[in-house]
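Below is one structure, written out as structure tokens, with a few remarks after it.
The values are calculated or read from the model by the stated rules, or taken from the named source; none is laboratory data. These figures come from a predicted structure and were not determined experimentally. Cβ sites come from the backbone with ideal geometry, for glycine too, and all protein chains shown count toward neighbours. Only protein heavy atoms, including side chains, enter the accessible area calculation; ligands, DNA and RNA are left aside. Shrake-Rupley method; radii C 1.70, N 1.55, O 1.52, S 1.80 Å.
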Amino acid sequence: MAPFQGPADYSLYLVTGRELLPPDADYYETLEEAIKGGVTVVQVREKNTGTRDFLEIARKTKEICQKYSVPMLINDRIDIALAMGADGVHVGQSDMPAALVRRLLPAGALLGVSVNTPAEARAAVADGADYVGIGPVWSTLTKTDIRHVLGVRGVGEVLDALSGSDVKAVGIAGINEKNVLRTLHGAVSPAGKTLDGVAVVSAIMASSRPYDAAHRLLGILFSFLTAPVPLFSAPSSAPLHAHDIVHTVASLLEKVRESSPLVHQITNAVVTNQSANVTLALGASPIMATAVPEMEDLSKVSGALLVNFGTISDKSGMLEAGRWVNARRNPIVFDPVAVGATKYRFETAQELLNTWQASVIKGNPAEIGALAKSAEVQSKGVDSVGDGFADPAEMLGLLARKERCIIAMTGKTDWISDGRVAISSPNGHELLASITGSGCIVGTSVATFCAAANLVGKKETDRHLVRGDMFVGAIGGILAITIASELAAAREDVKGSGTFLPALIDELYNLTPEKIIERAKIEIH
């Protein structure tokens, strides 16, 4: 049996937890099946085992790992690692200092360090770590000494601290088959650095079929890690053309009318009725459900989910709905109404965005600025105050890369960015600002067009959270409302805001692909 020869592949990193084994399952058989299924690194963790027993478990574990040329590391106990010739050691922040461990380990041994902050990541690099375990990404019951939960979106900042080094990174804590793709998609630095793998415990150790559990996880990991980092827009190296975008938007309207997708909307009480009517006018079917027990079943039949928290009374439903829609790989449109108005709203938005991955975030300049933690634009209740951002394309691009989704900002000029390019559109009429919930119905329209984009998208591999081009879906949803508003305002029967709203719904009902092509005004930045 040849010992492990580097470099290590950190894709599927198994941390052993014998206490999690199913009844009558044998640890060594489970381990070998997991390695056959695709585990690429094994860490032996025995927090409550005596030294002699730990040594024997480690020795037998290494025999199995050597058989498949998989590196085996020891958690914390460098004495055990040195005594039985492990391939390396993993230490936490409260264990022996990493710099000292590096001096004690023989040349070529692997050193891993658990980190929770950018400063800890930089220190691990300086101390000679080969890789870091970043987390906790999710809450977990397998560790009792759990630190501040980073959340998926917090991993990117820590990854950024590794820039310029060769140190690898795995996400740790609470990762399983249901959330691994969400984890990989969201855990990306602003510069595009991704995780090199994930560490799992119960996802494999508690499984009655460890080979299958490992094989499914590795399939998702391999698809994601071996291709360019996916976005929610169509991958293309060719330059975008306004003509092509507008015609694609027009075709999405045709798809909505043809398929009438069900659009699940958890929205605020003020606009429930008009949002449902807008959905129907566009040709889709609305459902306004908020009860947690319904969310799994609704995710099986809905084409998209809109979460609008103008009135935050259904947070549990919002959290559960998003989890299931991510699992079904359908679009989620998030409308963080007045997110900067109160601390509670901001914290709720963070909780939602850490729980599930939005495909599109839509807001006015004040809401976008609050999410980006920018003071450039202020808010007054649900409205923006001031002239907007000096460079909207740059601001939206930064937020799109941070949040890993499409950002749509409505205003006198609408802006949409996928983090690479931005689209602006001056379409629309000032009467939109005179009716309650005009921004909310834009969210409804965006969700409807994203449902259509998802339907026409090619069936992708395991690396995509959503099929289809959500960038064009967001553009289409905004154009539908703004073009219809122009048509409604021009009608002789419209005398003001009271007659404008029903006319707007009429014009959405009568909107055609030809009207979109004729009236759409967009510019690519």
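Values as computed for the structure displayed
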item: Odd one out for T49, checked against (1) within 31 Å of the chain's Cα centre (by Cα); (2) surrounded by 15 or more Cβ atoms within 10 Å (Cβ to Cβ); result: (1)
item: Exclusive hit being under 28 Å from E177 (Cβ atoms), of a type outside the set (D, E), open to solvent by 50 Å² or more (accessible area, probe 1.4 Å) and over 20 Å from the mean Cα position of the chain (by Cα), set H215, H243, H247; result: H215
item: The range 286-300, subset farther than 15 Å from V446 by Cβ and open to solvent by less than 40 Å² (accessible area, probe 1.4 Å), residue nearest to the chain's Cα centre (by Cα); result: S299
item: Residue pairs meeting the criteria (Cβ under 7 Å; at least 6 apart or on separate chains; first on the phi > 0 side of the Ramachandran plot, in the range 69-98; second open to solvent by 10 Å² or more (accessible area, probe 1.4 Å) and among the hydroxyl-bearing types (S, T, Y)); result: none
item: Residue in the range 356-365 that is of a type in the set (A, V, I, L, M, F, W, C), within 24 Å of N454 (Cα to Cα), surrounded by fewer than 19 Cβ atoms within 10 Å (Cβ to Cβ) and touching a Leu at 6+ places or on another chain (Cβ under 9 Å) present; result: no
item: Residue selected from the range 330-355 under the condition of a type in the set (D, E) and either in contact with a Leu (Cβ under 9 Å, 6 or more places away or on another chain) or under 20 Å from M395 (Cα atoms) (or both), by the criterion surrounded by the most Cβ atoms within 10 Å (Cβ to Cβ); result: D335
item: Contacts under 7 angstrom Cβ, first residue in the range 151-164 being within 13 Å of G192 (Cβ to Cβ) and without any contact (Cβ under 8 Å) to a residue 60 or more places away in the chain, partner open to solvent by 10 Å² or more (accessible area, probe 1.4 Å) and in a helix (DSSP H, G or I), 6 or more apart; result: D160/P118; L162/V125
item: Hits in the range 305-324 (condition: open to solvent by less than 40 Å² (accessible area, probe 1.4 Å) and modelled with pLDDT of 95 or more); result: L305, L306, V307, N308, G317, M318, L319, A321, G322
item: Some residue of the range 83-100 being modelled with pLDDT of 95 or more, assigned to a helix (DSSP H, G or I) and open to solvent by less than 30 Å² (accessible area, probe 1.4 Å); result: yes
item: The range 191-249 - residue that is assigned to a helix (DSSP H, G or I) and charged (D, E, K, R) and, of those, farthest from T140 (Cα to Cα); result: D244
item: Those residues of the range 249-280 which are more than 20 Å from I483 (Cβ to Cβ), touching a helix residue (DSSP H, G or I) at 6+ places or on another chain (Cβ under 9 Å) and of a type in the set (S, T, Y), in sequence order; result: S259, T267
item: Unique match (being closer than 22 Å to F232 by Cα, open to solvent by 50 Å² or more (accessible area, probe 1.4 Å), modelled with pLDDT under 95 and not basic (K, R)) among A269, A327; result: A327
item: Selection status of L305, farther than 25 Å from S374 by Cα, touching a helix residue (DSSP H, G or I) at 6+ places or on another chain (Cβ under 6 Å) and in contact (Cβ under 8 Å) with a residue 40 or more places away in the chain; result: yes
item: Selection count, the range 376-395, where residues are at pLDDT below 75, of a type in the set (A, V, I, L, M, F, W, C) and out of contact with any helix residue (DSSP H, G or I) (no Cβ under 6 Å at 6 or more places or on another chain); result: 2
item: The listed residue being of a type outside the set (A, V, I, L, M, F, W, C), under 21 Å from V278 (Cα atoms) and modelled with pLDDT under 95, out of G437, G473; result: G437
item: Unmet requirement for G128, which otherwise passes all of (1) more than 28 Å from L371 (Cβ to Cβ); (2) part of a loop (DSSP other than H, G, I, E, B); (3) open to solvent by 50 Å² or more (accessible area, probe 1.4 Å); result: (3)
item: When residues of the range 4-46 are limited to those that are in a helix (DSSP H, G or I) and among the aromatic types (F, W, Y), the one surrounded by the most Cβ atoms within 10 Å (Cβ to Cβ); result: Y27
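Quick grid of which residues meet (1) in contact (Cβ under 8 Å) with a residue 24 or more places away in the chain; (2) under 30 Å from V325 (Cα atoms); (3) crowded, with 24+ Cβ neighbours inside 10 Å; (4) in contact with a Pro (Cβ under 9 Å, 6 or more places away or on another chain):
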| position | (1), (2), (3), (4) |
| --- | --- |
| A453 | yes, yes, yes, yes |
| H464 | yes, yes, no, yes |
| V472 | yes, yes, yes, no |
| I475 | yes, yes, yes, no |
| T482 | yes, yes, no, yes |
| A490 | no, no, no, no |
| P502 | no, no, no, no |
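Residue-by-condition table, conditions (1) within 16 Å of M409 (Cβ to Cβ); (2) part of a loop (DSSP other than H, G, I, E, B); (3) within 19 Å of the chain's Cα centre (by Cα); (4) polar (S, T, N, Q):
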site: T444; (1), (2), (3), (4): no, no, no, yes
site: T448; (1), (2), (3), (4): no, no, no, yes
site: A453; (1), (2), (3), (4): no, no, yes, no
site: I475; (1), (2), (3), (4): yes, no, no, no
site: I483; (1), (2), (3), (4): no, no, no, no
